Amino acid sequence: MQEGEETSLNSLSGGIPLQELLVAAKEAGLDLPKERARPLGRILLAGLLGALRGFEERGLSPFLPTHKYIFAEIVSDLTDAYSILSQESDEKMILQAACDFGIKKVYHLEWKLYSSKDLF
């Protein structure tokens, strides 16, 4: 990934405070400063930013015990997909896809924990 990727991460943040990203990275076992310097790390951070945005959009607290496991799960899933993602030359698209993945994971979590119970 190129130098401009830091800007891409900032554009994906959606106003999420840096402190929340630091906590999410810690929950996922990541060292934020180190991850920002490597391509896979930026993809992982984009996924975490997406999750934080998803929690915000759904009005949920990201750091409840029933929620925070999702950060490590996102990191694991994106790490597994990295060999495929790294073949794409459009870094901005990769980061956007990782962010969208994080958002979708939270929406699925919200469905599993709350919405599905409302229906049944």
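What follows is calculated from the coordinates using simple rules that are stated; it is not laboratory data. Only a predicted model underlies this, so the values are computations on that prediction, with no experimental measurement involved. For neighbour counting, all protein chains shown are included, and Cβ atoms are generated from backbone atoms with ideal geometry for every residue, glycine included.
Worth a mention:
- Chymotrypsin sites (Phe, Trp or Tyr not before Pro) within the stretch 44-100, DSSP loop, no more than 15 other Cβ atoms inside 10 Å: F63
- Sparse-neighbourhood loop sites, GluC sites (Glu not before Pro) in the stretch 25-120 - DSSP loop, at most 14 other Cβ within 10 angstrom: E88
- Kyte-Doolittle at least -0.5, axis length at least 27 Å by Cα - qualifying DSSP helices, the chain: 39-58, 91-110
- If you take all other residues with their beta carbon under 15 Å from the beta carbon of A72, and give Lys and Arg +1 and Asp and Glu -1, the sum is -3.
- Relative contact order (%) - the stretch 5-119, alpha-carbon pairs under 8 angstrom, separation at least six: 35
- Since only S116, M93, P33 are under comparison, the one whose Cα sits farthest along the positive direction of the charge dipole of the chain, derived from C-beta charges on Lys, Arg, Asp and Glu, is S116.
- Comparing L30, L18, L40 in a Gaussian network model of the chain (Cα springs below 10 Å), the most mobile by mean-square fluctuation is L18.
- The stretch 5-119 - charge dipole about Cα centre, Lys and Arg +1 at Cβ, Asp and Glu -1, debye rounded to 20: 240
- Among the listed options (1) 98; (2) 193; (3) 212, the one matching volume of the Cα convex hull per residue in Å³ as calculated from these coordinates is (1).
- Over the chain, dividing the summed -39,500 (n - 2.57) contributions of all DSSP H runs of at least 4 residues by the number of residues returns a 222 nm mean residue ellipticity of -21500 deg cm²/dmol.
- Mean separation of Cα contacts under 8 Å, 6 or more apart, over the residue count of the stretch 37-103: relative contact order %: 60
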